[in-house]
Amino acid sequence: MNCLLSALLVIGGQFAVEAVPEFKKNAAEFMEVGFNKGRTGTRFTEIAVTVRPRDMFEDGEDVDIEDLSLEVKAGDGCWTKVEESPVRRGKEKRMWRVKIVPCKEHLVRIGIKRDGCVEYFQYPEAVGPASTEQIANSHFIPRMPENISITQLGGDSVTVSWSPSECAESYELQYGNMTVSTELEVVPISGLENCTDYTLKIVALVGEKFSNEGEIDFSTCQVNYTDIVDSMTTEKIDDLPCETIDKHCELSTQKLEDFTTTQRLEDFTTTQRLEDFATTQRLEDFTATQRLEDFTPTQKLEDFTTTQRLE
């Protein structure tokens, strides 16, 4: 049961039926839907929806304009409510102006709410899409290309891709001193300098209008990783400049040889220290022995002197 068909009121202990506005079957005859026609011509970036509420509904005298709403559907998208309120046009008309993407087909519907419920009437004809020429003449500015991605193909070539910009007729790519025009969203680029940093800029064009620049930085350096088993000589080469990559293995081998030489020097130093220690120990032992030997003759002399005295 449609919740907008009736509302019950209690009057003097008896039920009475309050009429709730219901769309007429020919409600579309009291609607005007299309691209907005301004003083300077048709605006293909804007839809105008004009309604005569009192004529669209049965018992239209009871319609509250605040209960009306407008929803728009672009292409295969979802219905979106227009938050702005309609403006008055004359005594009986109300009008909405809605910004749109001109290259898409748009549907509109009017809603009437009562007690938390909404009943819709969809206008039977779609608006748009506008032609390429109409869009170009409408001063429509496309959106900036987004989600730009770079895929490396080799040392001198890459593939560039990005999300489509709605209504764009073409795109312009700029990198280094080069400019490339295309109607595609996936473009291979070759002839780049090997191991060179680039900044790529992309704009979308419609007629003479162009979007803001989408930008991405990339490098043509090709990085190869070489694993060395010895953890002491393992090295990541992510941050090495290109000119040193080819020498990486040679450098790693040299480091290993340097390590061996250093180890030998350390072993030699340790051995030398042990030998020095032994020599020192021997010297100390010799000194102690010498002292003892020096002490013994002296002692003997002292003993002789004592004996002599006794005699």
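Things worth noting here:
- Restricting attention to region 166-181 and to residues that are in contact with a Leu (Cβ under 9 Å, 6 or more places away or on another chain) and either part of a loop (DSSP other than H, G, I, E, B) or among the small types (Gly, Ala, Ser) (or both), the residue that is most open to solvent (accessible area, probe 1.4 Å) turns out to be Ser181.
- Residues of region 127-147 that are under 30 Å from Thr199 (Cα atoms), surrounded by 18 or more Cβ atoms within 10 Å (Cβ to Cβ) and in contact with a Phe, Trp or Tyr (Cβ under 8 Å, 6 or more places away or on another chain): Phe140, Pro142, Pro145.
- Hits in region 182-200 (condition: more than 24 Å from the chain's Cα centre (by Cα), over 12 Å from Gln152 (Cα atoms) and open to solvent by 90 Å² or more (accessible area, probe 1.4 Å)): Glu193
- Residue check, Glu71 within 23 Å of Gly207 (Cα to Cα) and modelled with pLDDT of 95 or more: no
- In summary, Pro129 fulfils each of the numbered conditions (1) within 24 Å of Ser163 (Cα to Cα); (2) not in a loop (DSSP other than H, G, I, E, B) with the single exception of condition (2).
- Boolean, Pro124 is touching a residue at least 60 places away in the same chain (Cβ under 8 Å), more than 19 Å from Phe30 (Cα to Cα) and either open to solvent by 40 Å² or more (accessible area, probe 1.4 Å) or part of a loop (DSSP other than H, G, I, E, B) (or both): no
- Taking first residues from region 152-163 that are within 17 Å of Lys201 (Cβ to Cβ) and of a type in the set (Gly, Ala, Ser) and partners that are open to solvent by 20 Å² or more (accessible area, probe 1.4 Å) and modelled with pLDDT of 95 or more, the Cβ contacts under 7 Å between residues at least 6 apart in sequence or on separate chains come to Ser161/Ser149; Ser161/Glu185; Ser161/Val186; Ser163/Glu146; Ser163/Asn147.
- Within the option set Arg97, Arg109, being open to solvent by 40 Å² or more (accessible area, probe 1.4 Å), in contact (Cβ under 8 Å) with a residue 60 or more places away in the chain and in a strand (DSSP E or B) holds for one residue only, Arg97.
- From the list Glu71, Glu84, the one residue that fits, being loosely packed, with under 14 Cβ neighbours inside 10 Å and charged (D, E, K, R), is Glu84.
The values are calculated or read from the model by the stated rules, or taken from the named source; none is laboratory data. Keep in mind it's a predicted model, so treat the numbers as computed, not measured. Methodologically, a virtual Cβ is constructed for each residue, glycine included, from the backbone with ideal geometry; neighbour enumeration extends over all protein chains shown. Note: areas computed on protein heavy atoms with side chains; ligands, DNA, RNA excluded. Shrake-Rupley method; radii C 1.70, N 1.55, O 1.52, S 1.80 Å.
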